[in-house]
Every structure is written in structure tokens, then in C-alpha cells.
1. Which order, highest average first, do 236-245, 88-97 follow once you tally other Cβ atoms within 10 Å for each residue and take the mean per peptide?
2. In terms of solvent-accessible area of protein heavy atoms at a 1.4 angstrom probe, what is the ranking of Asp180, Asp150, highest value first?
3. For Val3 and Ala27 in the same chain, what is the full-extension length gain: residue separation times 0.36 nm, less their Cα-Cα distance, in nm?
4. Choose one of Ala170, Tyr12, Leu109: the residue whose Cα lies farthest towards the positive end of the charge dipole of the chain (beta-carbon charges +1 Lys, Arg; -1 Asp, Glu; about the Cα centre).
5. How many nm separate the modelled label positions at Val62 and Leu213, each set 7 Å beyond the Cα in the direction of the Cβ?
6. Sort Lys111, Lys200 by heavy-atom solvent-accessible area, probe 1.4 angstrom, most to least.
7. If the convex hull of the alpha-carbon atoms of the range 24-164 is projected onto planes in all directions, what is the mean projected area in square nanometres?
8. Report the local net charge at Leu183: Lys and Arg +1, Asp and Glu -1, summed over other residues whose C-beta lies under 9 Å from its C-beta.
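The values are calculated or read from the model by the stated rules, or taken from the named source; none is laboratory data. Predicted, not measured: the structure shown is a model, and the values here were computed from it. For neighbour counting, all protein chains shown are included, and Cβ atoms are generated from backbone atoms with ideal geometry for every residue, glycine included. These area figures cover heavy atoms from the full protein model, side chains too; ligands, DNA and RNA do not enter into them. Shrake-Rupley method; radii C 1.70, N 1.55, O 1.52, S 1.80 Å.
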Amino acid sequence: GLVLLVALAFRYLAQRMGRRLVVAGIAALVLWYGIAAVQRNTVWANNKLLFEHAYAAAPASVVNRVNKAYLYLLDGEYGEARTLIDQVIAEAPEHLPALNLAGQIYKKLGKLADAEVFWKKTVTIRDDYLSGYLNLGVLYYENNYLSSADRVLRKAVSVYPRWSEVFVLAMTNIGLGNPDEALAILERYPQAWPNERQQKLARGIAYIKKGNLTRAREYLWDVRDSSISYEAFVRKIQGGVIFELGSP
């Protein structure tokens, strides 16, 4: 509809001012906006450039400051990230992305109790905020508070069974000594897996904990740590309770 209105406008101008003049005007507009689009493409090349440009253009924006704090976090500048995210939360204490990012920043700083508070607040404000549940569940899992991790992640999976929460929930139940429940969780949500690596890893570890090394090999051979022998990899799993989750 908008294009039709513009076309009618150009037709009207062509009748009043002459066809050549209108065509020249259209060409100038195309050239102007074409140059602007090419220049803008450099800004949109990646998140870092986009976030930096947006922050420079509007440094008072809550969204832009959250994104800038995220860039500080990625660059390992945790002090700068903390200062900026604290300012945002002071102004917008219920801004979910800011609270979620604050949890990540404080976790990197080793302030785990503060990180827990931030993530608990996100799911209190909105009980379907999956990122808050996931980060809280991972925090509990990594620090061996497995019952708490199980409770939080089951809530998340009940909201929506994403593969990230399902994976950590399965690993939590392995840590709790419930490999059969871990396998049942993986079977319960087959639609949750966009790829097979994490699923194979969780299944393989569960079968090792069950003592079924033959079945475990079916899953672990393709995802094993290739820097050590398969036998050493299995022994490492047999002796572990909490495992590195990577980036679910």
C-alpha cells in the first residue's frame, strides 16, 4: 500500500513538474539511501560493532548500556562491566536482561551469592524467564547443590523443554546418582535436541554410571576428549560427579 501511494505521488509530480525532473529526483534518492545503506552495513557487521555504535549514539539508553556491559564481560573487563550494570539496575531494578547479565558478571567476579540473588530475582519477576532458570541451575550444578539444581531446572523444563535446560537437568540427575532418571529425561524430550553432541555425552555418562560400558561407548566414542585415550576418558568420567558443561 505504501509503495502504491509513493508511485501515485511520483506520477502526480511527473505530470506537474515533468518526467525527467522526477526521474532525476528518484535517482538522487536511490543514490542517497544506497550510500547510507552501505555505510550502515558496516555497523551491522557484528554485535560488537552494532552495540558500540548504539552506545555511542545513545549512552543513556538502558538497552545500550546493558549491551555495552555485555561487551565488557566478553572482553574480560569485569570491573567495568560491574560498574555499568550496577548503574543500570539502580535505575531499572526490574529490567530482566540487566539482572540476568549482572548474575553472569558477578559469577565471573567470584561473587556467587550475589549472582544467585540476581537470577532468583529474574524468575520472581517473571516465572517463565528461562535464561534465569538456566543460569541458576548451572550455578547450583557447578557448585554441587544438585537438589537445588534439579528443582530449578525441572521448573524451567515445565515452562518449555529447551535442550540447554534438559541437558543440565539430565547431568544433574547423573550427579544425584539417578542415571536411569537422567536417561528417562532425555527420552521424554526428544524434540529438544538441535544437535546430538550434548545428548550423546549425557547418555554416555549415564550408562557409565550404570556400569554398562559397552552401551556407553556407542554414545561417547564420537564426543570423547581426543587429547587422551578413550580408556582414560572413561576413567575420568567414572571418578567424577560434576562435569564441565561447556556452553549449553
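1. Details: 236-245: 12.7, 88-97: 15.5.
Ranking the peptides 236-245, 88-97 by packing returns 88-97, 236-245.
2. Values: Asp180 95, Asp150 30 Å².
Largest accessible area first, the list is Asp180, Asp150.
3. Working: separation 24, 0.36 × 24 = 8.64 nm, distance 1.63 nm.
Using 0.36 nm per residue and subtracting the Cα-Cα distance, I get 7.0 nm.
4. Tyr12
5. Calculated label separation equals 5.7 nm.
6. On the way: Lys111 80, Lys200 50 Å².
Result of the area sort, largest leading: Lys111, Lys200.
7. Numbers: hull surface 44.3 nm².
Mean orientational projected area (the range 24-164, Cα hull): 11.1 nm².
8. Working: positive: Arg203, Lys210; negative: Asp180, Glu181, Glu187.
Every neighbour counted, the sum reads -1.
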